[in-house]
Amino acid sequence: MSATLDALQALQQVTLKLTALRSKIERKQRSVQSHDRRQTVHEAEQAAKHEAIMQRQSAVDQLELEIKAYEAQTIQLRESLNKTKTNKEYAGILEAMNTEKADTAKIEAVMLDVMKEMETFKATEDVLIAERDKLSDQIAKSDAAIVAFDEQVHDDRERLEAERRVFAENLPPSAMAAFTRAAQRHDGEAMGAVVKPRPREDEYWCAGCNMKVTLEVVNSLQTRDEVQMCGSCGRILCLENGIPSRPRA
């Protein structure tokens with residue numbers, strides 16, 4: 001194998017290790033983001049419930065004022081009742097008092113229903129607040145885990161990044177550019193080994209996508225120090241150990 005492909009394969013190992021480290025960090029970050037989204041939903045729901053509670057509390061306050069107003073009117077009517085001089089006046093005042101009493105009972109019934117709704121909303125709000133606090137704790141723990149992991153792998157990551165920079169400086173720019181494109185496309189797996197699935201047949205495949213590789217390309221990999229790309233997946237081709245030094249033409 002050519003010196004360029006040897007260097008690219010070594011770079012591949014470094015890149016895969018870096019990709020694995022980044023993937024672990026990204027998974028942890030996605031977990032935090034998921035908790036953040038759930039917390040946002042809970043906060044919105046809790047805010048809506050709280051607003052509903054405030055609206056019902058306002059309604060209860062208004063109904064209590066109405067009841068007090070009816071009670072005040074009832075007191076006045078009772079005082080007037082004691083001062084009546086005729087049966088007609090007495091009957092009129094008594095009817096008015098009964099009407100006030102019936103209206104007050106209706107308002108009290110409405111107020112009771114509103115208060116029941118408010119209690120239900122408060123119970124739901126308490127659950128949402130507890131869930132929000134739980135998510136906040138999970139987010140804090142996840143953030144701490146990310147920081148701890150980042151510190152744990154810091155030296156390894158710095159070493160791998162340094163190795164990658166050395167390869168980038170020593171490889172031909174065209175080869176490095178091809179590697180970078182393939183690595184970005186295939187999650188760090190820029191290289192595709194050429195394999196021979198049937199030992200007795202001169203048939204070669206790219207292990208990355210299981211598509212055929214021509215004899216011409218295999219010969220070029222054996223005889224030239226140049227980068228050959230898989231025509232199907234775009235990976236950089238390299239020969240797998242065990243392939244004959246030169247395939248039959």
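Readers should treat all values here as calculations from the given coordinates under stated rules, not as data from a laboratory. Since we're looking at a predicted model, the values are computed, not measured. Using ideal geometry, Cβ is built from the backbone for each residue, glycine included, and neighbour counts are taken over all protein chains shown.
Pop the C-beta distance of Asp150 and Arg224 into the FRET formula with R0 = 35 Å and round what comes out to the nearest 0.05.
On the way: r = 43 Å, r/R0 = 1.22.
Efficiency computed from Cβ-Cβ geometry: 0.25.
Using a 4.7 Å cut-off between beta carbons, which cysteines in the chain end up with no partner cysteine at all?
Cys238
Of (1) 2.23; (2) 1.03; (3) 1.12, which one was derived for Cα Rg over 2.2 N^0.38 Å from the structure shown?
Only one listed value fits the structure, namely (1).
When the dipole is taken about the Cα centre of the chain, and only Lys, Arg (+1) and Asp, Glu (-1) are charged at their Cβ, what size is it in debye, to the nearest 20?
On the way: 36 positive and 42 negative charges, 216 e Å.
The calculation lands at about 1040 debye.
At a Förster distance of 30 Å, what's the computed FRET efficiency of Thr214 paired with Ser174, Cβ-Cβ distance as r, to 0.05? Walk me through the numbers on the way to the answer.
Details: r = 21 Å, r/R0 = 0.71.
The value I calculate is 0.90.
With unit charges on the beta carbon (Lys/Arg positive, Asp/Glu negative), name the residue among Ala207, Ile93, Thr15 whose Cα is farthest towards the positive pole of the charge dipole of the chain.
Ala207
Relative contact order for the chain: what percent, with Cα pairs under 8 Å and sequence separation of 6 or more? Don't jump to the answer; show the numbers that get you there.
Values: 245 pairs, mean separation 70.2, N = 249.
After rounding, I find 28 percent.
Can you list the residues, at least 5 places off or on another chain, whose amide H is less than 5 Å from the amide H of Cys238, using H built in the peptide plane?
For Cys238, the qualifying residues are Gly192, Ala193, Val194.
Under a crude label model (7 Å from the Cα following the beta-carbon direction), how far is Arg181 from Glu158 in nanometres?
Using points 7 Å along Cα→Cβ, the separation is 3.5 nm.
Distance check, please: which entries in Lys17/Lys212; Lys68/Lys122; Lys88/Lys116 exceed 31 angstrom between their Cα atoms?
Details: Lys17/Lys212 28 Å; Lys68/Lys122 26 Å; Lys88/Lys116 42 Å.
The pairs that break the limit, which is 31 Å between Cα atoms, are Lys88/Lys116.
Applying 1/(1 + (r/R0)^6) with R0 = 45 Å to the Cβ-Cβ distance of Val110 and Gln138, what FRET efficiency is obtained, to the nearest 0.05? Walk me through the numbers on the way to the answer.
Numbers: r = 42 Å, r/R0 = 0.94.
Working from the Cβ atoms, E equals 0.60.
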